[in-house]
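Notes to accompany the following structure.
The values are calculated or read from the model by the stated rules, or taken from the named source; none is laboratory data. Please read these numbers as outputs of a predicted model, since none were measured by experiment. Neighbour counts are summed over all protein chains in view; Cβ atoms, including those assigned to glycine, are modelled from backbone coordinates with ideal geometry.
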Amino acid sequence: MNNKTYSDAIREALWEEMERDENVYLIGEDIGLGGGAFYITKGFHEKFGDLRVVDTPLSEAGFTGSAIGSSLAGLRPVVEFQFADFVTESFKMIVDFAAGNFFRKMGEVPIVFRLPAGALTSAGPFHSQNPEIWFFGTPGIKIVAPSNSYDAKGLMKSAIRDNNPVIFIEYKKFYNYPTSELPAPLRIEIPEEDYEVTIGKARILSEGKDISLITYGTTVLQALKAAEQISEEGASVEVIDLRTIIPFDKETIIDSVKKTGKILFLHEARKQGGISGELSSLISEEAFEYLDAPPIRIGAINTPVPLSPPLEKAYLPNTQEILIALRDLLEY
């Protein structure tokens, strides 16, 4: 097992892609001499210079517009937002222009938007949001959300090489999470050779026959912990990490629910308006006859992310809540 952290994996992917393709460049606030808000790009400026590691003023709208323009000119920008929350400053350009440009037949827009997301202890409501639902219904955008180092590196490479706009969600909780403390299914060896992870393909983290647990991002940790505890009680849970939110892996989801007959959707983002509602509707429309119980959804409660650590803990989904839902499904 390697000891590369999530942040190491993202850093390696960016570095290797910049060495591989001179059209790849980075742009964002403090990413040059400062190395970025989370030091992912530390050392890049010294290696690649001002033209390929572009430090910008505090203007998300400005550097997003510049990056989109450069992508139309043949470059492949990777845009770093210090926190996912701040992408709202660039929302119009991403959803109205970058996403729709291909459909206007004005050319491809090969661009990656890096969004550090999710709750961070006491970071408060303006630095802790999960942005996927803001873009989920926009045609032309892909959204990836890796939960481990292997997927983070492989999906970043795939995103950079893709000719469509890609929202790349990075979970701050995972950046420096000790590899040794991760559940075994997330300790995946990172090969020395070049590799990609296919956008749009989920991963089955643990096989099961009684319940399908569909998740992604930070809640993969709680899902695996709950599944392990349920296995000690004599049942088995199939844990599926979506990895890609758009396009999501419909085939894997439906195949799993056909096998188990019961399904639980789990994500850190708020339950109200979360993508679990869309996936639940999908199951009702395309696999209803295989269900032995109603689909259950778990997400954060419908409030802003609290600043107080105890309140933040109460706001987020937790293992006990998942266990209760799994036991309810087993007894249904």
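Observations
- ILE214 assigned to a helix (DSSP H, G or I) and either in the same structural domain as ASN130 (by TED's automatic domain parsing) or touching a residue at least 24 places away in the same chain (Cβ under 8 Å) (or both): no
- Within the stretch 40-81, restricting attention to residues that are of a type in the set (D, E, K, R) and under 12 Å from ILE27 (Cα atoms), the residue that is nearest to the chain's Cα centre (by Cα) is GLU80.
- Only one of SER280, SER231, SER284 that is in contact with a Phe, Trp or Tyr (Cβ under 8 Å, 6 or more places away or on another chain) and either at pLDDT 95 or above or not in a strand (DSSP E or B) (or both): SER280
- Number of residues in the stretch 31-40 that are surrounded by fewer than 17 Cβ atoms within 10 Å (Cβ to Cβ) and out of contact with any His (no Cβ under 8 Å at 6 or more places or on another chain) equals 2.
- Unique residue being at positive phi, assigned by TED's automatic domain parsing to the domain that holds ARG161 and out of contact with any Cys (no Cβ under 7 Å at 6 or more places or on another chain) when the list is GLY69, GLY65, GLY35, GLY100: GLY35
- Matching option when the condition is touching a Gly at 6+ places or on another chain (Cβ under 8 Å) and surrounded by fewer than 15 Cβ atoms within 10 Å (Cβ to Cβ), among GLY28, GLY43: GLY43
- Candidates PHE86, PHE103: the one that is surrounded by fewer than 17 Cβ atoms within 10 Å (Cβ to Cβ) and assigned to a helix (DSSP H, G or I) is PHE103.
- Single residue of the stretch 224-254 satisfying the filter (among the charged types (D, E, K, R) and either more than 23 Å from GLU132 (Cβ to Cβ) or in contact with a Leu (Cβ under 6 Å, 6 or more places away or on another chain) (or both)) that is surrounded by the most Cβ atoms within 10 Å (Cβ to Cβ): ASP241
- Qualifying residue in the stretch 166-184 (condition: acidic (Asp, Glu), outside the structural domain of VAL237 (by TED's automatic domain parsing), buried (at least 24 other Cβ atoms within 10 Å of the Cβ) and not in a loop (DSSP other than H, G, I, E, B)): yes
- Looking across the stretch 136-145, the residues that are in contact (Cβ under 8 Å) with a residue 40 or more places away in the chain and either part of a loop (DSSP other than H, G, I, E, B) or surrounded by fewer than 23 Cβ atoms within 10 Å (Cβ to Cβ) (or both) come down to PHE136, THR138, PRO139, GLY140, ILE141, LYS142, ALA145.
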